[in-house]
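The values are calculated or read from the model by the stated rules, or taken from the named source; none is laboratory data. For clarity, every value in this text was computed on a predicted model and none was experimentally measured. Every residue, glycine as well, gets a Cβ built from its backbone with ideal geometry; the counts of neighbours run over all protein chains shown. Please note that ligands, DNA and RNA were not included when accessible areas were found on the heavy atoms of the full protein model with its side chains. Shrake-Rupley method; radii C 1.70, N 1.55, O 1.52, S 1.80 Å.
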Amino acid sequence: VNNLYSQREFYGNAFDDKENNFNLKSTELKNHKYESVQISGIIKSSCPMKGCWMEIETDEKNIFVKFKDYSFFVPTKGIKGKKATIRGNLFFDTLSVAEQKHYAHDAGKSYDEINKINKIKVVNTAIAEGVLIED
């Protein structure tokens, strides 16, 4: 339901956002994959080119969110600082130098910043089937 006061928009598959949220703080992601969990956070950044990724902060940790099979995208503008609830698989993933440079380039980082990326990075990753973005 959209009214003038609160904007709620689903991307990908809609889901029941009243379900319990996943607590990242008390969970060890290192050798596990959690399937079909739901977690909320504040959007820190997103792909300004196509909306094909976003980064959210939750439980004092960042999660790099990609979208299942690239079957949907989020808006490229105006979502930073909004609340996102995602439903999908959560795991530890390694980003290669090339991937990091690609995402940094997408995010409009400077040539110097991109050039400084020189080692793989392990990140909390989610492959989301659905995303709810609300004010």
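Before moving on, here are some points about what is shown:
- K77-D17 pseudo-label distance in nm [points 7 Å out on the Cα-to-Cβ vector]: 2.3
- Within the chain, longest stretch clear of exposed trypsin sites (Lys or Arg not before Pro) (DSSP loop, no more than 11 other Cβ within 10 Å): 31-76
- Taking all protein chains together and a 1.4 Å probe, the residues I117, I43 rank I117, I43 from largest to smallest accessible area.
- In the calculated pair-distance distribution of the range 42-104, the portion above 18 angstrom amounts to 34 percent of the Cα-Cα pairs.
- Just the protein heavy atoms count here, and of the accessible area of the range 83-135 at 1.4 Å, carbon and sulfur take up 52 percent.
- Apportionment of accessible area to carbon and sulfur, the range 1-69, percent (1.4 Å): 45
- The residues of the chain expose on average 60 square angstrom of accessible surface per residue, using a 1.4 Å probe on protein heavy atoms.
- According to the calculation over all Cα-Cα pairs in the range 12-126, the P(r) per 5 Å bin from zero is 2, 11, 21, 24, 21, 13, 6, 2, 0 %.
- FRET efficiency, 1/(1 + (r/R0)^6) with R0 22 Å, evaluated for T94 and H32 via beta carbons: 0.90
- Enclosing the Cα atoms of the range 15-65 in their convex hull gives a volume equal to 101 cubic angstrom per residue.
- 3J(HN,Hα) along the range 42-59, derived from phi through the Karplus expression 6.51 cos²θ - 1.76 cosθ + 1.60 where θ = phi - 60°, amounts to 9, 6, 8, 7, 8, 5, x, 7, 10, x, 8, 7, 8, 10, 10, 10, 8, 6 Hz, with x in place of Gly and Pro.
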